[in-house]
Amino acid sequence: MGVDTGSSSSLQFEDFLPSMARKLGVEGLMQELCKGFQLLMDPRTCKITFQSLKKNAASLGLGELRDDELSEMMREGDLDGDGMLDQMEFCILMVRLSPELMEEESHRMFQYY
């Protein structure tokens, strides 16, 4: 995932999830997100911590992110306020960072109505 480090206050990620979803299908995409979580998590806590994210981010193409950008990702994804990301929070964060994927899914849902 590339990052646009423009003047915007929130991070802008190059959005690969829609193409992955089209190529892999929903089940395949979920498996890939789970693999990504496994790469980033701290094996002691089985959650993604700031330290584990910083240490392992390069393996997912996020090595160029600054500490404040990594912290922002953690804050944005931490739904239960424990300072870490569990697998569900990580998957939700990845989908939320993918507006194109959300748009495609909403169009698909409304086609049936």
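The values are calculated or read from the model by the stated rules, or taken from the named source; none is laboratory data. This structure is a prediction, so every number in the text was calculated from the model and none was measured. Please note: Cβ atoms are built from the backbone with ideal geometry, for glycine as well, and neighbour counts cover all protein chains shown.
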Report, by residue number, each residue of region 34-65 that is aliphatic (A, V, I, L, M), more than 16 Å from Asp82 (Cβ to Cβ) and in a loop (DSSP other than H, G, I, E, B).
-> Leu62, Leu65
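Would you point out the residue of region 15-29, among those that are surrounded by 13 or more Cβ atoms within 10 Å (Cβ to Cβ), part of a helix (DSSP H, G or I) and hydrophobic (A, V, I, L, M, F, W, C), that is modelled with the lowest pLDDT?
So the residue we want is Leu17.
The rows are residues; the columns are (1) among the acidic types (Asp, Glu); (2) touching a helix residue (DSSP H, G or I) at 6+ places or on another chain (Cβ under 9 Å).
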position	(1), (2)
Gln51	no, no
Gly61	no, no
Arg66	no, no
Met73	no, yes
Gly77	no, yes
Asp80	yes, yes
Gln87	no, yes
Cys91	no, yes
Ser98	no, yes
